[in-house]
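Data first, discussion second: the structure below is written as structure tokens.
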Amino acid sequence: MNTDIYTLKTPEITVKITNFGARVLSFEYQGADCLYGPKTLDDLPEDTCYCGSICGRVANRIAGGSFVLDGQEYKLAVNNGPNHLHGGTKGFSDMPWTVEEVSDTRLVLSLVSPDGQENYPGEVTVRAIYTVEGRRLTLEMQGSTNAPTLLNLTNHAYWNLNGSGTIDTHCLQVNASAYTPMVANIPTGCIVPVEGTLYDLRRPAALGERNAPDAIAGGYDDNYVLPTTPGVKLAAVLTNGRRTLRVLTDAPGLQVYTGDYLPLKRGGVALEAQNFPDSPHHPHFPTIELRPGEIYTRTIAWEID
């Protein structure tokens with residue numbers, strides 16, 4: 001299948017997307033490209049950080065690379081220490097998607113993941129609909145299956161509103177009063193208030209001055225619990241003093257990763273709207289199970305000014 005780059009434009013923003021991994025390659029506003037990562041198809045094979053891609057079948061980590069569904073255990077690829085990450089050795093981020101529709105303001109992509117791919121059960125069909133309007137890029141994701149399975153999709157864009165350098169001078173605010181503590185990047189299962197901790201980002205905090213106390217590399221790689229109100233809501237605000245990015249979503253969680261393992265350390269910050277990490281092992285977390293007849297939906301929007 002051929003891969004190409006498609007351009008979506010409004011008078012305010014220009015967005016470039018490739019059907020390889022359904023990746024957003026660039027987001028140009030006021031003369032600056034606000035995304036960190038590869039810009040050409042030739043650069044993509046070198047990327048190991050999921051830059052701008054849609055991650056699946058299951059974004060984030062599954063502890064031990066295994067889960068039980070309807071009494072049956074499934075063994076997945078272990079590609080992040082002892083854990084399964086972002087769909088395995090070849091997840092949705094490394095596959096060519098089918099282009100269903102393209103215009104100046106809309107791109108529709110689809111992907112069929114066969115039963116047994118990366119050892120996940122069931123054939124899954126997913127669609128990604130990118131649209132631009134004004135200063136906003138919106139991603140709507142849909143999924144269905146012919147057998148019980150797991151599905152948790154996100155976009156893994158790394159934002160840098162400077163267009164270069166690091167995000168240390170950026171301030172981040174996250175609309176979350178709780179988070180899920182982790183040990184070695186795996187949630188303990190607890191949901192804990194951020195009040196009185198370094199995880200409290202309810203007021204803007206300079207990323208270069210804040211570090212999560214249990215982070216291996218010093219920065220954040222943590223899941224925040226978003227409000228449970230239905231529909232799309234404001235999840236986070238990122239600013240560099242000149243430009244402001246708002247992230248809106250209907251997801252229950254937001255993974256904040258400050259890019260400490262990028263080739264350029266802290267070259268961008270990932271704000272991954274998704275379900276909680278390791279959900280199959282914590283029944284009280286929002287479920288990522290998908291069954292025949294159900295339609296998975298997820299919306300993420302990025303608005304800049």
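Nothing in this text is a laboratory measurement; each read-out follows from the coordinates by a stated rule. Just so you know, these numbers come straight off a predicted model, no measurement behind them. Ideal geometry is used to build each Cβ from the backbone, glycine not excepted, and the neighbour counts take in all protein chains shown.
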Options Thr287, Ala77, Leu139, ranked by Cα towards positive dipole end of the chain, top entry (Cβ charges): Leu139
Residues whose placed amide H lies under 5 Å from that of Glu123, excluding near-sequence neighbours: Asp115, Asn146, Ala147
Under 23 Å from Lys75, Cα to Cα: lysines that are on another chain or at least 8 residues apart: Lys90
Most mobile listed residue (Tyr74, Tyr50, Tyr29) in the chain, GNM with C-alpha springs under 10 Å: Tyr74
Residue with peak Gaussian network fluctuation, the chain [Cα springs, cutoff 10 Å], from Gly52, Gly231, Gly87: Gly231
Under 5 Å, built H, 5+ apart or other chain: amide partners of Leu69: Tyr74
Loop trypsin sites (Lys or Arg not before Pro), the stretch 222-259 (other Cβ atoms within 10 Å of the site Cβ: 15 or fewer; DSSP): Arg242
All lysines inside 19 Å of Lys39 as judged from Cα atoms, apart from same-chain residues fewer than 8 positions distant: Lys9, Lys16, Lys265
In order through the stretch 132-138: 3J(HN,Hα) via Karplus (6.51 cos²θ - 1.76 cosθ + 1.60), integer Hz, x for Gly, Pro: 10, 8, x, 9, 10, 10, 10
Cα centroid separation, the stretch 148-209 to the stretch 90-143 (Å): 25
Whichever aspartates and glutamates have a C-alpha closer than 16 Å to that of Lys233, once near sequence neighbours (fewer than 8 apart) are set aside: Glu140, Asp250, Glu272, Glu303
Relative contact order computed over the stretch 5-304 (Cα-Cα under 8 Å; 6+ residues apart), in percent: 18
Under 5 Å, built H, 5+ apart or other chain: amide partners of Leu150: Leu290
Residues Arg202, Arg136, Arg298, sorted so that the one with the fewest Cβ neighbours within 10 Å comes first: Arg202, Arg136, Arg298
Förster radius 25 Å - calculated FRET efficiency between Ala206 and Thr229 (Cβ-Cβ, nearest 0.05): 0.30
Residue among Gly21, Gln173, Thr299 farthest towards the positive dipole end of the chain, charges placed on Cβ: Gln173
GluC sites (Glu not before Pro), loop per DSSP, at most 13 other Cβ atoms within 10 Å - longest free stretch of the chain: 1-194
Size of electric dipole in the chain: Cβ of Lys, Arg +1 and of Asp, Glu -1, about Cα centre, debye, nearest 20: 520
Cα-projected label distance for Thr3 with Gln72, points at 7 Å along beta-carbon direction, nm: 3.2
